[in-house]
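The values are calculated or read from the model by the stated rules, or taken from the named source; none is laboratory data. On a predicted model such as this, the values are computed, not experimentally measured, just so you know. Because the Cβ atoms are built from the backbone with ideal geometry, glycine has one as well, and the counts that use them run over all protein chains shown.
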Amino acid sequence: MLISPSAFLAQMLQFAVALAAAPLLTGWVNQCRAWLQNKTAPSLLLPYRQLHKLFYKEPVAADNASMLFRTAPYIVFGCMALACGIVPALSTDLPLAPVADAIALVGLFALARVFISLAAMDIGTAFGTLGARREMLIGFLAEPALLMTLFSASLITNSTSLANIVNKMAHSQFQLYPSMAFAGVAFTIVSLAENARVPVDNPATHLELTMVHEALILEYSARHLALLEWAASLKLFAYSCIGLALFFPWGVAEVDAPLAMVYSLPALALKLAIGGVLLALIETVSAKMRIFRVPEFLATAFLLAVIGLLVHGLLEA
Amino acid sequence: MTRGAGGMDRMLDLDTILTVIAIWVGIGVVALVALRRTRFVAHGLFPISALMSLALAAVALHGLFVPPQSTVLRLGLPGLPFHLRMDSLSAYFLAVIGATSAGTSIFSAGYVRKGEGTPPGLQCLQYHLFLAGMALVVLADDAYAFMVAWETMALSSYFLVIANHRVSAIRHAGYLYLLLAHIGALAILLCFGVLQANTGDFTFANLRVQQLSPFWASIAFVLAVIGFGAKAGIVPLHVWLPEAHPAAPSPASALMSGIMLKTAVYALLRVAFDLLHVQIWWWGVLLLGLGVVTAMYGVVFTTVQTDMKRLLAFSSIENIGLIFVGTGLALMFHTYGMNALAALALTATLIHVAAHALFKSLLFLATGTVLHATGERNLGKLGGLIRTMPWVAWLTLVGALAASGLPPLSGFVSEWLLLQTFLFTTNLPTSFLNMLVPVVAAAVALVAALSAYAMVKFFGIVFLGRPREEKLQRARDASRLERIGLAWLAAGSVALGLAPIQAIDCVDRVTHLLVGFGLAQTVHANGWLLLAPTSIQRASYSPIIFLLVVAACIAFTAITVRIVYHGRLRRAPPWDCGFPHQTARMQDTSEGFGQPIRQIFEGFFWMRRELPSPFDARPRYRVVIEDRFWHWIYQPVQALVDRAARLAGRVQQGRISIYLLYSFLTLVVMLLLVGR
């Protein structure tokens, strides 16, 4: 497997952009949400300052915390970094793209989820296990729904490789796929749930009855917390890029045109900015739902994604 | 001994394997002589047995790549010698048996102790007869030898299950197991009867050439599904698994779950692809349907269990379901002549067979060490063992991650290949099947995600958190031999996950034999790093690079953070949320962790709940979850049998004169019939 210099460059650039821009995306969503809710918006750079502050502080671990507790943040961060390196956001000519296809990407998210849930159970406080249970509850429905969404795209393009999906979707004649409409709705629901957003979770609350993500990381502090927060924004970034790759695959550089990266970066920034506004809008207009309504919400997504697959079989095959 | 086809040098493999089996039986006999000398049995005999398993695995791996070898053993009844034959299908399953039993045997060397039911020597004999039986099942080349081996396997495992026979619940479990094993055996016997088509010759060579009509072929197939399904644990014949596995000593449960269930898969493959010369489209659909129902049923029950071993037993049911889904797909594609797809489905199935054998044995053995260290099987009384038993905990984590189907471990490879099979499926002749395939794919994805839930529950409640009982703080880690056994199986799970291409090389011979197509060539076209079943453009996955990149990211982050900032860490008591009276009992119990699933999948369970009222002085919460199939099938059948027995009991008066009268009347009737 020979790697061309331009492909290597694209891969490195994509890692760098993901790591650097992920907190910015989180900051942007928070800012939009504050505007929409008539609040004074925090600075766009607030997530960076928070990360710096947290890395600087001395971490406090519980007396009985095991190695699993201390390594989990690094594992979760590593998984999310790889996920951002696989999803074709800037270029489809990524050397790492063949390493993990869509199914392996879902497996990667699952791996991170299992580790963060196990780490939450490690201390043995009631909150940790509560968070772990809720996270796995959301995960077991969101994961197959995400997989089915990706399957809809792979059935159209005859490939599970994300780079090829983008290539084929961008180059085929513009066509409306009914199955992708179903998949789109399912994907929106899944990404809300997976990124701990209203209506499934509220990233701004610490109310025990409602929280999921915050309960998971309750025992973490300082650099561990920083890594987990950074990983969470990387996850949001990765999900946004998956969404863009599946539904708006235009303006991404390709194998034969490495210079296209010059315009693919601003194109990505623009698409992400619009996506951030939409996310803030959804969060503002919807209300947080009770935890026991969440399975129904996610089951809807799962069923829609399966219907999407069937629709593909009926109409598009 | 009569030689079959093949030269002298080629016969070496089969002879070596028969020698290994003979040594196993010999070890068992020696153990019987040294009945109560625990040290000798454990440290003297079991390590030899583990070495023999390794030899078996090595020879079987070699046997995969050479032409079939056969031999005839002049044992048993006169005129009915044992025909044995090793082709690549047998060799593959022998390799799985060898690799897995090497781990369980070396573990047993550290595990066996006095005072656990039957004497160690006797258990050693049963254990080795069990191993020998399983190896002979996959080698048998005539129905007679097959049934003898099959029954040896069933009976020796039955005695292992009731090792602790003074407990009445264990006797019940053993009885249930024996009952279902025999119902299955009856169906298998009938299946062979149909297959031989009145020729009276039960060698597989003869069964292969019989031209059965589709009707009789279907009957033979359905009988095979019932017979082998009962052994594999297909719903609704699964009820013995969650009873027998907790009852048996842990190495025996590991063998039963890891290998014995797979011999049923082997036999089904043998009958469906090899012995039957026609295949009919609905056979595959039947297996697919049974597989999906079993997998879904198994995984939902896994998540709500409160007993470690019951949880793992249900997880085995789930995995067998997935294996049946793969088999069903392969059979369906084979019927329609889509042999490339059939080979892909079969590859996924066979890799899952090996993966499940390794990780499930590992998990069962781990429960054994926990049981020895704490005396508890109940999840609600365990917790925090990662601090007292770090070796067991970290090795179990490998098994639990593999069982959750997470990359880059073994469970993910088979799951990935299976999902690829669904995606590659196009243009099946009937639209019904074209619609069915995506729905089954969705169900498989759901099952895989739920199994992760179950494994987080299993690992988290047993090994993480705070110890829920006082005595857990004195728990001791596994002994050195036990660690070797666990580490071997964990290493196998990792290796299988990281080297799927090498695994496909082995499986390739089997798929060539069964469906006339293999993946090895296409896979090798893309180099040894990338696993791509057809082309890189279509789908690819590279576990080694995957692992390396994640590891590099982790190392890079850890070092950078340390250099740019610092690596200090302070310990403090966990935050109590302002409520200082928290105890370890306030953590989630296993019931609590499974509660959301219980609520979502309420229809699956037959549930009885006792809730405390606000005025109870001693509040008590109890929830009993049972299998609906007990109420739907087993209890009505039991009532029917009971009634029939009562009716039959009327003629039994217990007086000798009455019985003499019966004999006399029978004689008269017979004379009348003959006299005509």
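Which one is nearest to the chain's Cα centre (by Cα) among residues in the stretch B:645-675 that are assigned to a loop (DSSP other than H, G, I, E, B) and surrounded by 10 or more Cβ atoms within 10 Å (Cβ to Cβ)?
Initially, the stretch B:645-675 is screened for residues assigned to a loop (DSSP other than H, G, I, E, B), giving B:651-655.
Subset that is surrounded by 10 or more Cβ atoms within 10 Å (Cβ to Cβ): B:652-653.
On the way: B:GLN652: 43, B:GLN653: 46 Å.
Per the criteria, the residue is B:GLN652.
Looking only at the stretch A:195-249, which residues are charged (D, E, K, R), farther than 27 Å from A:SER154 by Cβ and either within 12 Å of another protein chain (Cβ to nearest Cβ) or not in a helix (DSSP H, G or I) (or both)?
Of the residues in the stretch A:195-249, the ones charged (D, E, K, R) are A:197, A:201, A:208, A:214, A:219, A:223, A:229, A:235.
Now drop any that are not farther than 27 Å from A:SER154 by Cβ, which leaves A:201, A:208, A:214, A:219, A:223, A:229.
Result: A:ASP201, A:GLU208, A:GLU219, A:ARG223.
Going by the structure shown, is B:ARG113 of a type outside the set (Phe, Trp, Tyr), surrounded by fewer than 24 Cβ atoms within 10 Å (Cβ to Cβ), touching a residue at least 60 places away in the same chain (Cβ under 8 Å) and part of a loop (DSSP other than H, G, I, E, B)? Give the steps one after another, and end with the answer.
Values: of a type outside the set (Phe, Trp, Tyr): yes; surrounded by fewer than 24 Cβ atoms within 10 Å (Cβ to Cβ): yes; touching a residue at least 60 places away in the same chain (Cβ under 8 Å): yes; part of a loop (DSSP other than H, G, I, E, B): yes.
It is true that B:ARG113 is of a type outside the set (Phe, Trp, Tyr), surrounded by fewer than 24 Cβ atoms within 10 Å (Cβ to Cβ), touching a residue at least 60 places away in the same chain (Cβ under 8 Å) and part of a loop (DSSP other than H, G, I, E, B).
Can you name every residue in the stretch B:534-545 that is surrounded by fewer than 24 Cβ atoms within 10 Å (Cβ to Cβ), more than 8 Å from every other protein chain (Cβ to nearest Cβ) and not aliphatic (A, V, I, L, M)? Write out each step before concluding.
Within the stretch B:534-545, the subset surrounded by fewer than 24 Cβ atoms within 10 Å (Cβ to Cβ) is B:534-538, B:544-545.
Narrowing the set further to residues that are more than 8 Å from every other protein chain (Cβ to nearest Cβ) leaves B:534-535, B:544.
If the condition is that a residue be surrounded by fewer than 24 Cβ atoms within 10 Å (Cβ to Cβ), more than 8 Å from every other protein chain (Cβ to nearest Cβ) and not aliphatic (A, V, I, L, M), then B:THR534, B:SER535 are the ones that fit.
Can you name the residue in the stretch B:370-406 that is in contact with a strand residue (DSSP E or B) (Cβ under 8 Å, 6 or more places away or on another chain) and not in a strand (DSSP E or B) and is also nearest to the other protein chains (Cβ to nearest Cβ) among such residues? It would help to see each step written out before you state the result.
Start the filter on the stretch B:370-406 by keeping residues that are in contact with a strand residue (DSSP E or B) (Cβ under 8 Å, 6 or more places away or on another chain), which leaves B:377-379.
Adding the requirement that they be not in a strand (DSSP E or B) leaves B:377, B:379.
Working: B:ARG377: 20, B:LEU379: 12 Å.
Of everything passing the filter in the stretch B:370-406, B:LEU379 is nearest to the other protein chains (Cβ to nearest Cβ).
Pairs needed: first member in the stretch A:37-49, of a type in the set (Phe, Trp, Tyr); second member anywhere, assigned to a helix (DSSP H, G or I); C-beta distance under 6 Å; at least 6 residues apart or different chains.
Listed by first residue and then by second, the contacts come to A:TYR48/A:PRO23.
Is it the case, given these coordinates, that B:ASN319 is in contact with a Lys or Arg (Cβ under 9 Å, 6 or more places away or on another chain) and closer than 27 Å to B:THR511 by Cβ? Walk me through it before giving the result.
Values: in contact with a Lys or Arg (Cβ under 9 Å, 6 or more places away or on another chain): yes; closer than 27 Å to B:THR511 by Cβ: yes.
It is true that B:ASN319 is in contact with a Lys or Arg (Cβ under 9 Å, 6 or more places away or on another chain) and closer than 27 Å to B:THR511 by Cβ.
Do we find a residue being free of Cβ contacts under 8 Å to residues at least 12 places away in the same chain, exposed (fewer than 11 other Cβ atoms within 10 Å of the Cβ) and in a helix (DSSP H, G or I) anywhere in the stretch B:609-630?
no
Give me the pairs: first residue in the stretch B:255-270 and in contact (Cβ under 8 Å) with a residue 12 or more places away in the chain and under 13 Å from B:ILE317 (Cβ atoms), second residue crowded, with 24+ Cβ neighbours inside 10 Å and charged (D, E, K, R), beta-carbon distance under 6 Å, and six or more apart or on different chains, which are they?
Taking only residues 6 or more apart or on different chains, the pairs are B:SER257/B:LYS360; B:ALA264/B:LYS231.
Condition check: farther than 30 Å from A:ALA81 by Cβ and either surrounded by 13 or more Cβ atoms within 10 Å (Cβ to Cβ) or of a type in the set (Asp, Glu) (or both). Does B:ALA520 satisfy that? Before the answer, list the steps.
On the way: farther than 30 Å from A:ALA81 by Cβ: yes; either surrounded by 13 or more Cβ atoms within 10 Å (Cβ to Cβ) or of a type in the set (Asp, Glu) (or both): yes.
For B:ALA520, the condition - farther than 30 Å from A:ALA81 by Cβ and either surrounded by 13 or more Cβ atoms within 10 Å (Cβ to Cβ) or of a type in the set (Asp, Glu) (or both) - is met.
Among B:ARG538, B:ARG483, which is the only one that is within 30 Å of B:TYR336 (Cα to Cα) and among the basic types (Lys, Arg)?
On the way: B:ARG483 fails: within 30 Å of B:TYR336 (Cα to Cα).
Matching residue, one of B:ARG538, B:ARG483: B:ARG538.
What is the number of the single condition among (1) without any contact (Cβ under 8 Å) to a residue 24 or more places away in the chain; (2) crowded, with 20+ Cβ neighbours inside 10 Å; (3) among the hydroxyl-bearing types (Ser, Thr, Tyr) that A:SER264 does not meet?
(1)
Just a yes or no: is a residue in the stretch B:310-326 at negative phi, among the basic types (Lys, Arg) and buried (at least 24 other Cβ atoms within 10 Å of the Cβ)? Let's see the steps before the verdict.
Our first condition is that a residue be at negative phi; within the stretch B:310-326, this holds for B:310-326.
Restricting the remaining residues to those that are among the basic types (Lys, Arg) gives B:310.
Subset that is buried (at least 24 other Cβ atoms within 10 Å of the Cβ): none.
No, the stretch B:310-326 has no match at all.
Among the residues of the stretch B:566-579, is any within 11 Å of chain A (Cβ to nearest Cβ), under 30 Å from B:HIS334 (Cα atoms), assigned to a loop (DSSP other than H, G, I, E, B) and among the charged types (D, E, K, R)? Write out each step before concluding.
First, pick out the residues of the stretch B:566-579 that are within 11 Å of chain A (Cβ to nearest Cβ): B:566-577, B:579.
Add one more test, that the residue is under 30 Å from B:HIS334 (Cα atoms), and what stays is none.
Checked the stretch B:566-579: no residue is within 11 Å of chain A (Cβ to nearest Cβ), under 30 Å from B:HIS334 (Cα atoms), assigned to a loop (DSSP other than H, G, I, E, B) and among the charged types (D, E, K, R).
Is it the case that B:GLY289 is within 21 Å of the chain's Cα centre (by Cα) and buried (at least 23 other Cβ atoms within 10 Å of the Cβ)?
The answer is no for B:GLY289.
If you check B:GLY79, B:GLY44, which single one turns out to be more than 13 Å from B:LEU14 (Cα to Cα) and in a loop (DSSP other than H, G, I, E, B)?
Working: B:GLY44 fails: in a loop (DSSP other than H, G, I, E, B).
Of B:GLY79, B:GLY44, the one residue that is more than 13 Å from B:LEU14 (Cα to Cα) and in a loop (DSSP other than H, G, I, E, B) is B:GLY79.
Which residues, counting only those in the stretch A:57-115, are over 19 Å from B:ALA532 (Cα atoms), of a type in the set (Val, Ile, Thr) and in contact (Cβ under 8 Å) with a residue 40 or more places away in the chain? Please lay out each step first, then the result.
First, the residues of the stretch A:57-115 that are over 19 Å from B:ALA532 (Cα atoms): A:57-85, A:88-91, A:109-115.
Cutting the leftovers down to of a type in the set (Val, Ile, Thr) gives us A:60, A:71, A:75-76, A:114.
Of everything in the stretch A:57-115, those that are over 19 Å from B:ALA532 (Cα atoms), of a type in the set (Val, Ile, Thr) and in contact (Cβ under 8 Å) with a residue 40 or more places away in the chain turn out to be A:VAL60, A:ILE75, A:VAL76.
Please determine whether any residue of the stretch B:204-225 is within 17 Å of the chain's Cα centre (by Cα) and not aromatic (Phe, Trp, Tyr). Reasoning before the result, please.
Filtering the stretch B:204-225 down to residues within 17 Å of the chain's Cα centre (by Cα) leaves B:225.
Going one step further and asking which of them are not aromatic (Phe, Trp, Tyr), we end up with B:225.
Yes, there is a match, as at least one residue in the stretch B:204-225 is within 17 Å of the chain's Cα centre (by Cα) and not aromatic (Phe, Trp, Tyr).
Among the residues of the stretch A:182-228, count how many are surrounded by fewer than 22 Cβ atoms within 10 Å (Cβ to Cβ), at pLDDT 90 or above and over 22 Å from B:PRO573 (Cα atoms).
The total comes to 3.
Please enumerate the residues belonging to the stretch A:270-294 that are in contact (Cβ under 8 Å) with a residue 40 or more places away in the chain and in a helix (DSSP H, G or I).
First pass over the stretch A:270-294, keeping only residues in contact (Cβ under 8 Å) with a residue 40 or more places away in the chain: A:272-273, A:276-277, A:279-284, A:286-289, A:291, A:294.
Within the stretch A:270-294, A:LEU272, A:ALA273, A:GLY276, A:VAL277, A:LEU279, A:ALA280, A:LEU281, A:ILE282, A:GLU283, A:THR284, A:ILE291, A:VAL294 meet the criteria.
Report every pair of residues separated by at least 6 positions or lying on different chains whose Cβ atoms are under 9 Å apart, first residue within the stretch B:566-589 and in contact (Cβ under 8 Å) with a residue 40 or more places away in the chain, second assigned to a loop (DSSP other than H, G, I, E, B) and of a type in the set (Ser, Thr, Tyr).
B:GLN587/A:THR125; B:THR589/B:THR306
Of the conditions (1) part of a helix (DSSP H, G or I); (2) under 18 Å from A:MET136 (Cα atoms); (3) within 13 Å of chain B (Cβ to nearest Cβ); (4) among the hydrophobic types (A, V, I, L, M, F, W, C), A:LEU192 clears all except one; give me its number.
(3)
This table checks each residue for (1) surrounded by fewer than 22 Cβ atoms within 10 Å (Cβ to Cβ); (2) within 14 Å of chain A (Cβ to nearest Cβ).
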position: B:PRO500; (1), (2): no, yes
position: B:ILE504; (1), (2): no, no
position: B:VAL507; (1), (2): no, no
position: B:HIS512; (1), (2): yes, no
position: B:LEU529; (1), (2): yes, yes
position: B:ALA532; (1), (2): no, yes
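Evaluate the following for B:TYR144: is it part of a helix (DSSP H, G or I), of a type in the set (Phe, Trp, Tyr) and under 21 Å from the mean Cα position of the chain (by Cα)?
Working: part of a helix (DSSP H, G or I): yes; of a type in the set (Phe, Trp, Tyr): yes; under 21 Å from the mean Cα position of the chain (by Cα): no.
So B:TYR144 does not fit the description; no.
With the structure loaded, tell me whether A:ALA132 is out of contact with any Pro (no Cβ under 8 Å at 6 or more places or on another chain), within 23 Å of A:ALA61 (Cα to Cα) and facing chain B (nearest Cβ under 7 Å) or whether it fails that test. So that I can check it myself, show each step before the final result.
Values: out of contact with any Pro (no Cβ under 8 Å at 6 or more places or on another chain): yes; within 23 Å of A:ALA61 (Cα to Cα): yes; facing chain B (nearest Cβ under 7 Å): yes.
Taking the combined requirement at face value, the residue satisfies it.
Of everything in the stretch B:407-421, what is within 21 Å of B:ALA313 (Cα to Cα) and at the interface with chain A (Cβ under 9 Å from one of its Cβ atoms)? Give them in sequence order.
The answer is B:PHE412, B:GLU415.
Quick check on the stretch B:355-372. Is at least one of its residues modelled with pLDDT of 90 or more, among the hydroxyl-bearing types (Ser, Thr, Tyr), closer than 19 Å to B:GLN473 by Cβ and surrounded by fewer than 24 Cβ atoms within 10 Å (Cβ to Cβ)?
No.
If A:ALA21 satisfies every condition in (1) in contact with a Leu (Cβ under 8 Å, 6 or more places away or on another chain); (2) under 18 Å from B:LEU547 (Cα atoms); (3) more than 10 Å from chain B (Cβ to nearest Cβ); (4) not polar (S, T, N, Q) but one, which is the exception?
Of everything listed in (1) in contact with a Leu (Cβ under 8 Å, 6 or more places away or on another chain); (2) under 18 Å from B:LEU547 (Cα atoms); (3) more than 10 Å from chain B (Cβ to nearest Cβ); (4) not polar (S, T, N, Q), A:ALA21 misses just condition (2).
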